[in-house]
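Student: Just passing along the structure, written as structure tokens.
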Amino acid sequence: MTSANRSSRLAVIAFVVAVAPLALKAQQTDTSSFFPIGLWSIWQEAQDPPLNGKDIAQQWRQETRNLQEIKANYLVFGVPRQVEDTVVMIADTIQYKVCIANCDFVTLDRNSLIWWLRTSSLSDSGNAITLIRHIRDQYRTHVSFHSYELDDEASLDQPSRWPLIEFVARKIHELDPQRRSVASTGPVPAQQFFDKTPSLDIFQFDQYPFLAMHPSTYSGQQTALDQHLIGSYNMLMDRLRGKRTEWQAIIQSQGDVRPPGQMNLRRPNFYELRIQAYLALSRGARGICFYAYSSARPHLGSEERWGTEGLVDLDLTTGTRRKWELVHPGNETIPAFDNVKKLAVELGRIGPTFRKLRVYEAFPHTSIPAANVARILAVSSDYTYNPRFEIGTFKRIDRGADSTVYFLLVNRVCNNEDGSASPNQKSIVTFSNRNAMSVTEVVSGRSWQIPPHGSLTDEISPGEGKLYEISH
């Protein structure tokens with residue numbers, strides 16, 4: 001470490017200590033009810049502040065404000081080794097969790113688990129154990145240290161690498177049982193991947209449905225969800241059924257200008273952001289992450305070269321990273337940062353309950369299984385266009401023998417055909433219950449007393465999901 005870097009590091013440490021000196025004692029390491037609301041790809045580029053610059057401490061203060069304001073709680077991928085110590089210290093103070101890679105991410109250096117998983121073999125297992133111990137010993141006293149980042153895409157796409165993923169995940173259980181292993185990719189891996197990696201704790205899945213060719217209209221949105229999302233979520237739910245591995249959704253919050261031959265992505269509006277999250281929850285997701293937090297050069301909106309419109313962008317005047325702002329005339333104004341913040345607040349209210357649930361079934365309202373555990377017989381709506389509901393059913397796994405039933409009702413309709421926001425839908429849920437029961441909406445606490453073969457009526461806003469608990 002150079003003297004300049006050391007001085008910058010000391011300035012950051014002084015700032016962190018000044019912000020919250022008691023945070024290390026206050027926060028618990030037990031994450032059994034921790035619902036991850038993650039920011040994925042923290043740095044897209046090595047030259048972005050606060051990796052460098054004239055006033056490192058000021059840049060970190062701004063970055064900390066960004067993280068506090070957006071109301072997430074988990075930093076997932078792309079924290080380069082050169083700032084990992086600082087990020088972990090800040091996360092300790094603001095009650096975030098961090099997934100640790102201890103990797104350069106620019107040169108993809110050989111002294112990392114990611115490199116080992118991509119290039120080595122089980123005959124070199126001693127080196128993998130050394131790397132796990134190094135990360136454990138470096139960060140074991142930090143309350144923000146949540147998980148080990150194994151890889152994104154590369155080793156997950158190669159069957160020859162799967163035994164190595166299983167070995168590392170199993171060794172993490174042995175050497176650091178408080179922490180978890182994380183790997184991510186898209187599309188959905190083959191069933192054999194999950195069969196061969198039973199020790200993997202968390203699988204993060206990314207699928208980005210909103211192409212530039214799909215407008216923010218009823219037909220454009222439903223086409224995007226049908227063709228590019230719901231089938232993958234169904235497949236993932238089925239392939240993980242009965243497995244100890246949980247899945248978390250990496251949802252599209254970005255716009256991408258991609259290389260020739262690839263389809264560009266457009267920035268989702270709030271309702272489109274929201275529907276991705278609730279559809280994932282209806283299929284058993286136990287965490288939601290947003291891609292991408294940081295933007296990538298060439299600059300936003302360029303139609304000539306590849307680039308990513310993230311949630312924060314570089315302020316060229318101050319050198320700090322700020323909320324994403326439009327820099328090219330003609331782009332649609334979408335408050336991306338604030339949309340994620342708004343959804344993060346929603347997820348924060350409902351997420352801890354989802355950590356205690358196991359998904360049983362998921363289905364559209366047009367094809368309701370007769371024997372579903374929630375005893376739902378029919379769902380109808382007063383929507384002028386064709387209503388679209390998705391339902392997930394669950395049982396509570398922390399109250400004896402899965403005794404308490406829940407269901408999530410998701411309104412897939414976001415915008416009308418003319419692009420205007422759709423109105424709240426009056427949903428009528430009819431049950432096939434033989435005995436009287438009570439249904440309570442989890443967030444509001446509103447309850448309905450349901451007589452035999454009765455129904456409830458509620459309003460659901462565009463893209464929203466509501467979770468209900470059934471008691472007898």
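Student: Expressed as a rounded percentage, what relative contact order does segment 64-202 have, with Cα pairs under 8 Å and six or more residues apart?
Tutor: It rounds to 22 percent for segment 64-202.
Student: Given Cα pairs under 8 Å that are at least 6 residues apart, what percent is the relative contact order of segment 357-471?
Tutor: 27 percent
Student: Mean 1/r over all different Cα pairs, inverted: what Kirkwood radius does segment 407-472 give, in Å?
Tutor: Answer for segment 407-472: a Kirkwood hydrodynamic radius of 12.8 Å.
Student: Any of Lys342/Lys395; Lys97/Lys196; Lys97/Lys171; Lys323/Lys426; Lys171/Lys341; Lys243/Lys341 with alpha carbons more than 30 Å apart? Name them for me.
Tutor: Over 30 Å Cα-Cα: Lys323/Lys426; Lys171/Lys341; Lys243/Lys341.
Student: Can you give the FRET efficiency to the nearest 0.05 for Glu417 and Asp109, using r as the Cβ-Cβ distance and R₀ = 45 Å?
Tutor: 0.30
Student: Would you please put 442-450, 284-292, 418-426, 69-77 in order of how densely packed they are, using the mean number of other Cβ atoms within 10 angstrom per residue and starting with the highest?
Tutor: Per-residue Cβ counts within 10 Å, averaged per peptide and sorted highest first, yield 284-292, 69-77, 418-426, 442-450.
Student: Give me the number: length gained by fully extending Asp226 to Val443, i.e. 0.36 nm times residue separation minus the C-alpha to C-alpha distance, one decimal in nm.
Tutor: 75.3 nm
Student: In addition: Round to the nearest 10 and give me the degree value, 0 to 90, for the angle of helix 336-354's Cα axis relative to the longest principal axis of the chain.
Tutor: Relative to the chain, helix 336-354 is tipped by roughly 70 degrees.
Student: I need the calculated FRET efficiency for the pair Lys243 and Asp315, taking r as the beta carbon distance and R₀ as 30 Å, to the nearest 0.05. Intermediate values should be presented prior to the final figure.
Tutor: Numbers: r = 44 Å, r/R0 = 1.47.
According to the calculation, E is roughly 0.10.
Student: How much length, in nm to one decimal, is gained on full extension between Ile129 and Arg81, taken as 0.36 nm per residue of separation minus their Cα-Cα distance?
Tutor: 15.4 nm
Student: Ranked by Cβ crowding within 10 angstrom, fewest neighbours first, how are Thr333, Thr320, Thr197, Thr440 ordered?
Tutor: In order of increasing Cβ crowding within 10 Å: Thr333, Thr440, Thr320, Thr197.
Student: Still on this structure: Gap in Å between the Cα centre of segment 344-367 and the Cα centre of segment 244-285?
Tutor: Taking the Cα centre of segment 344-367 as reference, the centre of segment 244-285 is 17 Å away.
Student: Continuing with this model, one more query. Explain nothing, just the number: relative contact order of segment 419-472, from Cα pairs under 8 Å at least 6 residues apart, as a whole percent.
Tutor: Numbers: 94 pairs, mean separation 24.2, N = 54.
Relative contact order, segment 419-472: 45 percent.
Student: To the nearest 0.05, what FRET efficiency results for Lys342 and Gln158 with a Förster distance of 56 Å applied to their C-beta separation? Walk me through the numbers on the way to the answer.
Tutor: Working: r = 39 Å, r/R0 = 0.70.
In this case the efficiency is close to 0.90.
Student: Same structure again: Neighbouring Cβ atoms within 10 Å as the yardstick, rank Cys103, Cys414 fewest first.
Tutor: Taking fewest neighbouring Cβ atoms as first place, the list is Cys103, Cys414.
Student: Could I ask something else about it? Under a Cβ-Cβ cut-off of 13 Å, what is the net charge of the residues other than Ala154 that fall near it, where Lys and Arg count +1 and Asp and Glu count -1? Write out the running numbers ahead of the final one.
Tutor: Values: positive: Arg118, Arg161; negative: Glu149, Asp151, Asp152, Glu153, Asp157.
Neighbour charge sum, excluding Ala154 itself: -3.
Student: Continuing with the same structure: Taking neighbour counts of Cβ atoms within 10 Å as a proxy for exposure, in what order, fewest first, do Arg399, Arg133 appear? Please list the in-between numbers first.
Tutor: Values: Arg399 10, Arg133 14.
The order, fewest Cβ neighbours first, is Arg399, Arg133.
Student: Separate question: Label segment 357-471 by shape, choosing from rounded, prolate and oblate, from the square roots a ≥ b ≥ c of the eigenvalues of the Cα gyration tensor; if a/c is under 1.5 it is rounded, and otherwise prolate applies when a/b is larger than b/c, oblate when it is not.
Tutor: Details: a/c = 1.85, a/b = 1.72, b/c = 1.08.
Here segment 357-471 falls in the prolate category.
Student: OK, next. Using a ≥ b ≥ c from the Cα gyration tensor of segment 48-106 (square roots of the eigenvalues), is it rounded, prolate or oblate, where a/c under 1.5 gives rounded and otherwise the larger of a/b and b/c decides, a/b for prolate?
Tutor: oblate
Student: Quick one: work out Rg over Rh on the C-alpha atoms of the chain, Rh as Kirkwood radius.
Tutor: Ratio of gyration radius to Kirkwood radius for the chain: 0.97.
Every number here is computed from the coordinates shown, using simple stated rules; none is lab data. In this text the structure is predicted, and so the values were computed from the model without any measurement. Virtual Cβ from ideal backbone geometry, glycine too; neighbours counted across all protein chains shown.
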